[in-house]
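Colleague: For reference, the structure I am asking about is given below.
Every read-out reported here was derived from the displayed coordinates using simple, explicitly stated rules and does not represent laboratory data. Treat the numbers as computed from the prediction; the structure is a model and nothing was measured. Counting neighbours? That spans all protein chains shown, and the Cβs are built from the backbone with ideal geometry, glycine included.
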Amino acid sequence: MILISAFLAFTVLVAILAELSARWCLARARYYVWPPSYQCDNELLPSAFTGMQGTSRFSINRDGERGDEPPAPEARAFRILAAGGSTTECYFLDQSDTWPAQLQSELNKSDWGRNAGVSGVYVSNIGRSGVDSTGVLTILEHIIPQHPRLDAVILMTGAGEILAWLRQGADSQAELPRANNETLFTFSPGRKYSWWPLRTTALANCWRHWRPRFLRSIELRSNVGKSLTRLRRLRQNAKNIRKEVPSTAPLMSRYAKNLEAAIRSCQRRGIRVIVMPQPWLDVSLITSAKQSCLWNGSVGYAHSTDPTDYYDAGLMSQLMAEIYQQTAHTAESCGATVIPVQHLLQPMAECFYDDVHFTPFGAAIVGRSLAAEIAKALGQ
């Protein structure tokens with residue numbers, strides 16, 4: 001009995017020491033937007049998407065960013081970081097179909113790199129679904145210092161701001177919810193841990209951190225996009241469609257302040273900033289049948305509740321046009337390079353599978369257009 005008690009006490013002591021050691025290590029770790037080396041194959045539900053079917057690969061490199069493995073620090077590569085929300089993340093698109101990957105491919109196929117004296121172009125993607133300009137600013141402030149060198153940052157923001165505001169009932173006086181590090185980063189030094197349940201311990205976090213890297217496993221998800229079918233049905237069955245919002249001035253002022261802070265933060269580090277105002281599906285240019293793919297604009301969070309009130313699709317297009325102009329104006333006033341692509345996304349119905357997210361066809365247009373304009377802007 002004494003031996004059993006001693007063994008149990010020793011086991012508990014080892015577990016406590018291991019947990020404390022894990023917390024000490026994680027407190028000194030890097031910020032990771034995604035688990036390093038994470039791989040996932042998404043089997044898409046064909047009925048949920050336009051122009052998309054089969055399996056899409058979502059692949060994260062060792063830095064916790066979507067993209068190829070980064071070049072060696074001494075390599076003469078031109079390094080670009082793409083930041084924004086879900087339209088930058090491109091979660092449902094295959095790795096090679098995302099616009100950051102298309103941009104990298106187009107620039108590497110052109111003569112620009114050779115003329116610029118670089119060995120190649122590398123584009124990594126730290127887009128994160130559901131974040132607004134505050135979240136993008138926070139991610140940039142933590143991720144950029146971890147890069148030994150960055151030549152350019154591409155920002156695409158705007159949709160997250162509008163949709164978060166509408167979820168709150170378009171209350172101009174309310175503060176938008178502030179994303180914390182635990183929602184912005186998969187791993188971050190300031191994360192809080194507990195002793196129970198086990199999944200909230202530092203040891204469990206270490207396992208989630210290192211498992212993809214050591215096991216090289218690929219997660220397989222089936223029927224991906226099923227949630228979009230539910231979200232679209234909620235919008236179609238809405239009991240009340242709101243067609244007015246109060247003044248957007250406070251929202252636009254707050255957004256412009258955050259966007260300027262993000263641009264200035266990069267510029268202070270000598271990084272060139274390229275801003276792409278957020279494109280959107282303009283409902284005035286599509287058929288009523290295509291409008292059935294829309295699902296955003298709820299009052300309340302549709303992913304976890306069943307909202308009954310939604311905002312009019314035409315009104316949402318007007319708000320997207322307004323923040324599109326605000327983005328361009330703020331970026332220009334900061335001396336950033338502005339590359340608008342909204343007018344190039346034609347036919348529009350084939351470029352989006354919902355309100356703002358690109359199909360592979362739309363992402364390819366964005367990638368090619370960005371590559372051509374970046375080559376011009378950087379002096380081909």
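Colleague: At what distance in angstrom do the alpha carbon centres of the range 195-237 and the range 117-188 lie from each other?
Modeller: Each part reduced to its Cα centre gives a spacing of 20 Å.
Colleague: Also, quick follow-up: Please list log₁₀ I(q)/I(0) at q = 0.21 Å⁻¹ for the range 181-222, using the Debye equation with identical point scatterers on the alpha-carbon positions.
Modeller: -0.80
Colleague: May I ask you to evaluate 6.51 cos²θ - 1.76 cosθ + 1.60, the Karplus curve with θ = phi - 60°, for each residue of the range 44-59 and list the ³J(HN,Hα) values in order in whole Hz, giving x for glycine and proline?
Modeller: 6, 7, x, 5, 8, 10, 9, x, 9, 7, x, 10, 10, 9, 10, 10
Colleague: If you average 1/r over every pair of different alpha-carbon atoms in the range 153-229 and take one over that average, what Kirkwood value in Å do you get?
Modeller: Values: mean 1/r = 0.0603 Å⁻¹.
After inverting the pairwise mean of 1/r, the radius is 16.6 Å.
Colleague: Let me ask something additional. Rank by packing, highest mean first: peptides 100-108, 186-194, with packing defined as the count of other Cβ atoms within 10 Å averaged across residues.
Modeller: Details: 100-108: 23.0, 186-194: 15.2.
Highest mean packing first, the order is 100-108, 186-194.
Colleague: Can you put Leu315, Leu198, Leu184, Leu281 in order of Cβ neighbours within 10 angstrom, beginning with the fewest?
Modeller: Working: Leu315 18, Leu198 9, Leu184 21, Leu281 26.
Result, fewest neighbours first: Leu198, Leu315, Leu184, Leu281.
Colleague: Which order do the peptides 216-223, 305-312, 235-242 come out in when sorted by mean C-beta neighbours inside 10 angstrom, highest first?
Modeller: On the way: 216-223: 11.5, 305-312: 16.9, 235-242: 13.2.
Ranking, from highest mean packing down: 305-312, 235-242, 216-223.
Colleague: For the chain, what does -39500 (n - 2.57) per DSSP helix run (n ≥ 4), summed and divided by total residues, give at 222 nm, in deg cm²/dmol to the nearest 500?
Modeller: It lands at -12500 deg cm²/dmol.
Colleague: Also, I was wondering about something else. Taking amide H positions as placed 1.01 Å from N in the peptide plane, with prolines and chain starts having none, which residues 5 or more places from Phe185, or on another chain, fall under 5 Å of its amide H?
Modeller: HN-HN under 5 Å from Phe185: empty list.
Colleague: Pull up the DSSP beta bridges for the chain and report the antiparallel fraction as a percent, rounded to 5.
Modeller: Values: 10 of 34 bridges.
Within the chain, antiparallel bridges account for around 30 percent of the total.
Colleague: May I have the count of lysine pairs in the chain with C-alpha atoms under 27 Å apart, counting pairs 8 or more residues apart or located on different chains? Please list the in-between numbers first.
Modeller: Details: Lys109/Lys376; Lys226/Lys239; Lys226/Lys290; Lys239/Lys290; Lys243/Lys290.
Close lysine pairs found across the chain: 5.
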